[in-house]
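Since every read-out is calculated from the coordinates, none of them should be taken as a lab result. These numbers were taken from a predicted model, which means no experiment stands behind them. Cβ atoms come from the backbone with ideal geometry, glycine included; neighbour counts cover every protein chain shown.
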């Protein structure tokens, strides 16, 4: 018999053995309900434990992916900065070439 049911019977009935036969079926049904509730609770706890472990594994994977993504983003920012600076330098050099072409043209015209 379920421990809670035993405790309840002891609390409310002086002699649990004196319970009539018609109440015995009821007590068996209550006992079964307590046991089913315990089984359901144990199953729910186990499911929660498994889910929690799975979520922890997924969370660790996501943390690693975030770190990797941040590293890739930083590399992309560095590459972007490099390419923008290179493009600016090319514009600067093209302007300098135009200036020098003008100087050469002026020298050739004299």
State whether the residues of the stretch 1-22 include one that is outside any helix (DSSP H, G or I) and in contact (Cβ under 8 Å) with a residue 12 or more places away in the chain. yes
Can you tell which of 25, 54, 74 is assigned to a helix (DSSP H, G or I), farther than 16 Å from residue 1 by Cα and over 23 Å from the mean Cα position of the chain (by Cα)? 74
Which one of these is surrounded by 10 or more Cβ atoms within 10 Å (Cβ to Cβ), assigned to a helix (DSSP H, G or I) and in contact (Cβ under 8 Å) with a residue 24 or more places away in the chain: 66, 84, 30? 30
Where the second residue is surrounded by 10 or more Cβ atoms within 10 Å (Cβ to Cβ) and outside any helix (DSSP H, G or I) and the first is in contact (Cβ under 8 Å) with a residue 12 or more places away in the chain and lies in the stretch 38-61, which pairs have Cβ atoms under 8 Å and are six or more apart or on separate chains? 38/2
On the given criteria, is residue 13 in contact with a helix residue (DSSP H, G or I) (Cβ under 7 Å, 6 or more places away or on another chain) and surrounded by 10 or more Cβ atoms within 10 Å (Cβ to Cβ)? no
Sole exception among (1) surrounded by 10 or more Cβ atoms within 10 Å (Cβ to Cβ); (2) under 44 Å from the mean Cα position of the chain (by Cα) for residue 93, by number: (2)
